[in-house]
Amino acid sequence: MMEGAESTLKRLDSEPLQPEAEPWYEPCGDEVSIFEQCHAHQLAVMLKGPTGCGKTRFVEHMAWRLGRPLITISCHDDMTASDLIGRFLIGHEGTRWVDGPLTRAVREGAICYLDEVVEARQDTVVVLHPLTDHRRILPLDKTGETINASPHFQLVVSYNPGYQRMLKDLKPSTRQRFVALDFEFPKPEQEIAIVMHESGVDRATAQALVSLGQRLRALQDRGLAEVPSTRLLIATARLNASGIPIRTACQAALISPLSDDAALVGAMRDLVEMTFV
């Protein structure tokens, strides 16, 4: 049996997510209504924004809102087209075809979410093209089958343009096949509400953390490769809510994940000390 190939396929081909409870999401603009119209008109969607700003939670929320199963694929540079589409596997009963996660989504009418799509190889990304125009088909060259996408199928991709534009980017021929939604970090009041809801800390602590986050984000001009995300602020708040002192929580969940540079770490520690006197 092709054990390596099968394990890769199983790793990508997770069960569709159909949460019973609503994944909580705080809208920051018109993204909900635009996504709903894209789904109704069978348009592919591209989510652009910094790491940890809520793109994945938004997709989970919209899948719940639309009543559609969600298949999420975390892209990487070793992922092949076969990992998405499927492959023949040799077992005790002979050779059998196994659908990949993209093929399953196309057949079943799921929302297929490719997280950090620019991490995938270009020859892998091009298999998405026939699904993102009027054809809405997925050719399976190895089986000779051409699948017409379910009317409920929707393709969603995401990436972080700020971090990846210096390394990788989508080709214009791919980008122009998507409706693009631009995500940023929430406005302070919204971010405070999110941190409170997701962690359980009081408003004063959430407000201080958000203020600290904004100050730390200003360090990007001083060489900080990735600024602190809302996700990191929530992680810090959760540690504090569990009983970890706030400065210790900031060191473990906010400062250390961002940089190993001594000068930057020192500057961030100073900002923590100024925020939580």
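The values are calculated or read from the model by the stated rules, or taken from the named source; none is laboratory data. The model shown is predicted, which means the values in this text are computed figures rather than measured ones. So basically every Cβ, Gly included, is an ideal-geometry build from the backbone, and we count neighbours across all protein chains shown.
How many residues does segment 75-100 contain that are small (Gly, Ala, Ser) and surrounded by 16 or more Cβ atoms within 10 Å (Cβ to Cβ)? Step through it out loud before you land on a result.
Within segment 75-100, the first condition is being small (Gly, Ala, Ser), and the residues that meet it are 81-82, 86, 91, 94, 100.
Next, from what is left, pick out any that are surrounded by 16 or more Cβ atoms within 10 Å (Cβ to Cβ): 81-82, 86, 100.
Matching residues across segment 75-100 total 4.
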- Query: In segment 76-99, what count of residues is obtained for those that are at pLDDT 95 or above and at positive phi?
  - Reply: 1
- Restricting attention to segment 198-212, does a residue exist that is outside the structural domain of Thr56 (by TED's automatic domain parsing) and under 20 Å from Glu31 (Cβ atoms)? yes
- Query: When residues of segment 206-215 are filtered for being touching a Pro at 6+ places or on another chain (Cβ under 6 Å) and over 13 Å from Met196 (Cα atoms), how many remain?
  - Reply: 1
- Message: Only one of Leu170, Leu114 is modelled with pLDDT of 95 or more, assigned by TED's automatic domain parsing to the domain that holds Pro69 and either under 18 Å from Gly52 (Cβ atoms) or hydrophobic (A, V, I, L, M, F, W, C) (or both). Can you tell me which?
- Response: Leu114
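Would you tally the residues in segment 216-230 being closer than 23 Å to His197 by Cβ and either among the β-branched types (Val, Ile, Thr) or surrounded by 17 or more Cβ atoms within 10 Å (Cβ to Cβ) (or both)?
Our first condition is that a residue be closer than 23 Å to His197 by Cβ; within segment 216-230, this holds for 216-217, 227-230.
Next, only the ones that are either among the β-branched types (Val, Ile, Thr) or surrounded by 17 or more Cβ atoms within 10 Å (Cβ to Cβ) (or both) stay: 216, 227-230.
Selection size over segment 216-230: 5.
Listed here are the residues, each with its yes/no results for (1) surrounded by 13 or more Cβ atoms within 10 Å (Cβ to Cβ); (2) outside the structural domain of Val127 (by TED's automatic domain parsing); (3) at pLDDT 95 or above.
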site: Leu12; (1), (2), (3): yes, no, no
site: Gln18; (1), (2), (3): no, no, no
site: Asp30; (1), (2), (3): no, no, yes
site: Ala40; (1), (2), (3): no, no, yes
site: Ala44; (1), (2), (3): yes, no, yes
site: Thr56; (1), (2), (3): yes, no, yes
site: Arg68; (1), (2), (3): yes, no, yes
site: Ile71; (1), (2), (3): yes, no, yes
- Which numbered condition trips up Ala235, out of (1) within 30 Å of Leu155 (Cα to Cα); (2) touching a residue at least 24 places away in the same chain (Cβ under 8 Å); (3) crowded, with 16+ Cβ neighbours inside 10 Å? (2)
